[in-house]
Amino acid sequence: RKFAGKVLDGTQMSLGEGPNFDPTTNSLCWLNILGKELHELDLTTNAKTVHALPFMASVVARIDDRRQMLATDEGIFIRDRSTGNLVLHVDFEPGKPGNRSNDGRVHPSGALWIGTMGRKAETGAGSIYHVAKNVVTTLFEDISIPNGICFSPDGATGYYVDTKVNRMMRVPLDPATGLPT
């Protein structure tokens, strides 16, 4: 059986990442990492908006009706949706200017898991972090290309892939915090 998908946007990107659906606005957001852009598509009207960013971002997540969180190569920023104003929330990897954010996902508890990698995909240059409020916890180090970060619906299991070694990892989690048990 074949499934035919519908192309929602044909924009070519050299490194697209982080698609995220917001059910409260019926919109889809994603990032053009190398192009330093945030793309938003209203699925009700099919209106698309592209927002220029001053940095490379790889994860966008809804905070509330007014704000979004962006994981970037310069830290985690809070973005005001109406003005585009960006405020640094927390720098999760200070002292590593050769790295950038890659994949990430919000755990059911509200904590963010964010992966980093070397800008040239250097072996073992990255890590995966847990960010809750202003607290950054290093979960896994020596990651080359973090991808596929996701969680079981109950939040008790986390998954991630290091693309360079082609291995998927499963981690037991505290469902209330998103931290490994």
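The values are calculated or read from the model by the stated rules, or taken from the named source; none is laboratory data. From a predicted model like this one, the values you see are computed outputs, not experimental measurements. Note that each Cβ is placed from the backbone with ideal geometry, even for glycine, and that neighbours are counted across all protein chains shown. What goes into the accessible areas is simple: the full protein's heavy atoms, side chains included, and nothing from ligands, DNA or RNA. Shrake-Rupley method; radii C 1.70, N 1.55, O 1.52, S 1.80 Å.
Based on this model, can you work out whether Asp80 counts as among the acidic types (Asp, Glu), modelled with pLDDT under 95 and open to solvent by less than 60 Å² (accessible area, probe 1.4 Å)?
Numbers: among the acidic types (Asp, Glu): yes; modelled with pLDDT under 95: no; open to solvent by less than 60 Å² (accessible area, probe 1.4 Å): yes.
No, not satisfied.
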| task | May I ask you to say which residue of Pro172, Pro153 is in a loop (DSSP other than H, G, I, E, B) and over 14 Å from the mean Cα position of the chain (by Cα)? | result | Pro153
| What are the pairs, 6+ residues apart or on separate chains, where a residue within segment 30-59 that is hydroxyl-bearing (Ser, Thr, Tyr) has its Cβ under 9 Å from a residue that is assigned to a strand (DSSP E or B) and open to solvent by 30 Å² or more (accessible area, probe 1.4 Å)? | Thr49/Asp42; Ser58/Glu17
| Matching option when the condition is open to solvent by less than 50 Å² (accessible area, probe 1.4 Å) and touching a Lys or Arg at 6+ places or on another chain (Cβ under 6 Å), among Asp73, Asp64 | Asp73
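What residue, of Asn147, Asn134, Asn99, is free of Cβ contacts under 8 Å to residues at least 60 places away in the same chain and more than 16 Å from the chain's Cα centre (by Cα)? So that I can check it myself, show each step before the final result.
Values: Asn147 fails: more than 16 Å from the chain's Cα centre (by Cα); Asn99 fails: more than 16 Å from the chain's Cα centre (by Cα).
It is Asn134.
State which residue is least open to solvent (accessible area, probe 1.4 Å) when the search covers only segment 1-59 and only residues that are part of a loop (DSSP other than H, G, I, E, B), closer than 19 Å to Ile114 by Cβ and not aromatic (Phe, Trp, Tyr). First the steps, then the outcome.
So the first thing to find is which residues in segment 1-59 are part of a loop (DSSP other than H, G, I, E, B), and the list is 1-15, 23-26, 33-36, 43-47, 53-56.
When the remaining residues are screened for being closer than 19 Å to Ile114 by Cβ, the result is 15, 33-34, 36, 53-56.
Restricting the remaining residues to those that are not aromatic (Phe, Trp, Tyr) gives 15, 33-34, 36, 53-54, 56.
Numbers: Leu15: 50, Ile33: 1, Leu34: 99, Lys36: 85, Leu53: 18, Pro54: 85, Met56: 24 Å².
Within segment 1-59, the match that is least open to solvent (accessible area, probe 1.4 Å) is Ile33.
Quick check on segment 80-102. Is at least one of its residues in contact with a Leu (Cβ under 6 Å, 6 or more places away or on another chain) and assigned to a strand (DSSP E or B)? Full working, then the answer.
Narrowing segment 80-102 to residues in contact with a Leu (Cβ under 6 Å, 6 or more places away or on another chain): none.
Taking every residue of segment 80-102 in turn, none turns out to be in contact with a Leu (Cβ under 6 Å, 6 or more places away or on another chain) and assigned to a strand (DSSP E or B).
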| task | For segment 127-136, state whether one or more residues are polar (S, T, N, Q), touching a strand residue (DSSP E or B) at 6+ places or on another chain (Cβ under 6 Å), assigned to a strand (DSSP E or B) and more than 26 Å from Thr11 (Cα to Cα). | result | yes
| said: With open to solvent by 30 Å² or more (accessible area, probe 1.4 Å) and either farther than 23 Å from Gly75 by Cα or at pLDDT below 95 (or both) as the only criterion, which of Val171, Val135 stands out? | reply: Val135
